[in-house]
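**Student:** Dumping the structure here so I can ask a few things about it.
The values are calculated or read from the model by the stated rules, or taken from the named source; none is laboratory data. This one's a predicted model, so the numbers in the text were calculated from it and none came from an experiment. Heads up, the Cβs are rebuilt from the backbone with ideal geometry, glycines too, and the neighbour counts pull from every protein chain shown. Heavy atoms of the whole protein, side chains included, go into the accessibility calculation; ligands, DNA and RNA do not. Shrake-Rupley method; radii C 1.70, N 1.55, O 1.52, S 1.80 Å.
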Amino acid sequence: MARREAARLLRRLGPLAVESPTRGMPRCQHESANHIVNSCRRFHWIPSLQRPLCGPTTCRGIYEGQSSANKACEVQKRTFGSAATATHIQRNPAYSQLSSDDVSYFKSVLGENGVVQDEDRVAVANVDWMGKYRGASQLLLLPKNTAEVSKILSYCNTRRLAVVPQGGNTGLVGGSVPVYDEVIVGLAGMDKIISFDNVNGILTCEAGCVLESLSNFVENEGFIMPLDLGAKGSCHIGGNVSTNAGGLRFIRYGSLHGSVLGLEVVLADGTILDMLTTLRKDNTGYDLKHLFIGSEGSLGVVTKISVLTPAKLPSTNVAFLSCNDYKSCQKLLLAARRSLGEILSAFEFMDHHCINLAMRHLEGVHNPLPASPYKFYVLIETTGSDESYDKTKLEAFLLRSMEDGLVADGVIAQDISQASNFWRIREGISEASVKVGAVYKYDLSIPVEKLYDIVEEMRCRLGDSAEVLGYGHLGDGNLHLNIVSSKYDDSTLGRIEPFVYEWTSAQRGSISAEHGLGLMKAEKIHYSKSPEAVQLMASIKKLLDPNSILNPYKVLPQSVL
């Protein structure tokens, strides 16, 4: 592409005229239509980008009220029926049945308010937010501190009552809801911030803290959380750690294995394992906390966390770009790594099916490129400490990318409302897909060059019977493959599985990039792990939880336990 033509396109990266002026910006920036050349500057400093909540609704009061119960009833109409039916797992006969004496004991520990038997309230906790899995628990326990969690687990271990730890219940693989009649231990009441070291940026808090609340807290101290998720308004930090959640900042800050400094965990027999260090360096023996990060509550219940938070940087820019083909997306990623380097904080991609779905089903969003006929879209975010330097660097990168034909069209957010609109589209895809009906979700790690091949393969296999969406964290090689249909049925599932797992395994990929295995993929772990590795995991499980009361039927195949 000629430099003059590229420069003309770059000048077209103008503001979306959808919001009234804010934060003292010149009115001309808001009066210009999308893609119109104007004299206003093309970048705007966004001091603190707050992304809107997507996915499951905020659930600080998730167990409260008849409205939640009504919602649960509506959700149940779209489920497979029960979690057990969906996965063909038989209840373990070694587990005891809940008795009135059990309930009396829990009331003696937690008080009347901490023991929930009301059918409507328990029904909410029995169903995952997508309505795909539903258990049959009759009891929800709400401990307020670690000591109470310890007493609950000690008693359940002695009685051999199975237990499901539950945080915000925003998971996608059935890991946070019962399969049968397991006792639900909800951690929402353990939501205290214990301390914050504002010199080193180390946060210590309880497991029930909502991620968005923590984000707001540390931002006021001049820091940010190292992870950010679409469900941040609902998910708990304990659940994030237990599933090793990835999210939108992974490309910049890596996984929670690197950010979490210490944990407090209650083991199956009630033992409180204190690993709540705030040290950056500690090479004394085995680093046991890593056993529990990503173990999905199957080895112990995380009750406290200390996490390293990065400094909040003052300059943020967000661009929404279109590409002609997937090959261009790959080349754009490589170019972004090389050209943007240390300021690159997010690189997300979506196909045009995702954009169309979001426009149909998300309220209040605007298509940044309404006339765009392109097949792929990329959201790039940069964060840095020097606004002028960051703008110049991003502008030069976009100019080169247009000259090279990698970027066909695009816009750069001029204010916080436009940036939020861009993020709302990306983060809202999961929410929009659930509004259609049944969603088969697959969270795959695949080499970037082959990542989109499985999307095209699935479209060939399913034809017009379902809509196949491909999007995700391209910078991490993480594809979210969503297959949307009017209802769940065995015929559709049979055309998806086991093909999707076999294909991923053939590429030496992972069948779970960041969502975990839960109930959905516990029996599929062999597609990503060797028999020797699975057997070693089973040995660890038997050592720490010999009665297998913690989150049963999840993570590992029943045949190895």
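**Student:** Return one whole number: the accessible area per residue of the range 100-186 in Å², for a 1.4 Å probe.
**Tutor:** Numbers: 2830 Å² over 87 residues.
Per residue, the range 100-186 has 33 Å² of solvent-accessible surface.
**Student:** If you take every DSSP beta bridge whose two residues both sit in the range 100-186, what share of them, in percent to the nearest 5, is antiparallel?
**Tutor:** Details: 3 of 9 bridges.
Approximately 35 percent, going by the DSSP bridge assignments.
**Student:** How many angstrom separate the Cα center of the range 285-342 from the Cα center of the range 120-182?
**Tutor:** 29
**Student:** Using θ = phi - 60° and the Karplus curve 6.51 cos²θ - 1.76 cosθ + 1.60, what whole-Hz ³J(HN,Hα) does each residue of the range 132-148 get, with Gly and Pro shown as x?
**Tutor:** 8, 10, 9, x, 9, 5, 10, 8, 10, 9, 10, x, 10, 7, 5, 4, 5
**Student:** Ignoring ligands, DNA and RNA, what percent of the 1.4 Å accessible area of the range 100-186 is carbon and sulfur? Write down the numbers at each step before the final one.
**Tutor:** On the way: 1220 of 2830 Å².
Accessible surface attributable to carbon and sulfur in the range 100-186 totals 43 percent.
**Student:** I would also like to ask the following. Return the carbon/sulfur percentage of the accessible area of the range 315-507, one whole number, probe 1.4 Å, all protein chains in place. Mind showing how you got there, number by number?
**Tutor:** Numbers: 3020 of 6340 Å².
Solvent-exposed carbon and sulfur of the range 315-507 make up 48 percent of the total.
**Student:** Another question about this same structure. Using packing as a proxy for protection, rank 470-479, 92-101, 430-439 so that the peptide with the highest average count of other Cβ atoms within 10 Å comes first. Walk me through the numbers before you get to the answer.
**Tutor:** Values: 470-479: 23.8, 92-101: 12.0, 430-439: 20.0.
Top to bottom by mean Cβ count within 10 Å: 470-479, 430-439, 92-101.
**Student:** To continue, here is another question. Near Lys529, which lysines are there with a Cα under 22 Å away, not counting those fewer than 8 places off in the same chain?
**Tutor:** Candidates past the 8-residue exclusion: Lys289, Lys441, Lys450, Lys521, Lys541, Lys542, Lys554.
**Student:** How many angstrom lie between the Cα centre of the range 395-429 and the Cα centre of the range 349-380?
**Tutor:** When both Cα centres are located, 12 Å separates them.
**Student:** Just give me a number: lysine pairs in the range 309-395, eight or more positions apart or cross-chain, with C-alpha atoms less than 22 Å apart.
**Tutor:** The number of close lysine pairs in the range 309-395 is 6.
**Student:** Now, a different point. Beyond 22 Å, what share of the Cα-Cα pairs of the range 193-308 is found? Please give it as a whole percent.
**Tutor:** On the way: 1730 of 6670 pairs.
Roughly 26 percent, rounded to a whole number.
**Student:** Could you sort 454-463, 326-335, 530-539 so that the peptide with the highest average Cβ count within 10 Å comes first and the rest follow in order?
**Tutor:** On the way: 454-463: 15.5, 326-335: 18.6, 530-539: 12.6.
So the order, starting with the most tightly packed, is 326-335, 454-463, 530-539.
**Student:** Reachable aspartates and glutamates from Lys281, Cα under 20 Å, same-chain residues fewer than 8 places away excluded?
**Tutor:** Lys281 reaches Asp197, Glu264.
**Student:** Okay, moving on. Under the Karplus relation 6.51 cos²θ - 1.76 cosθ + 1.60, θ = phi - 60°, what is the ordered set of whole-Hz ³J(HN,Hα) values for the range 266-277, x standing for Gly and Pro?
**Tutor:** In residue order, the calculated couplings are 9, 7, 4, 8, x, 4, 8, 9, 8, 10, 7, 7 Hz.
**Student:** Length gain on complete extension for the stretch Ala136 to Thr284, per 0.36 nm per residue less the alpha carbon to alpha carbon distance? Intermediate results must be reported in sequence, preceding the final value.
**Tutor:** Working: separation 148, 0.36 × 148 = 53.28 nm, distance 4.37 nm.
That works out to 48.9 nm of additional length.
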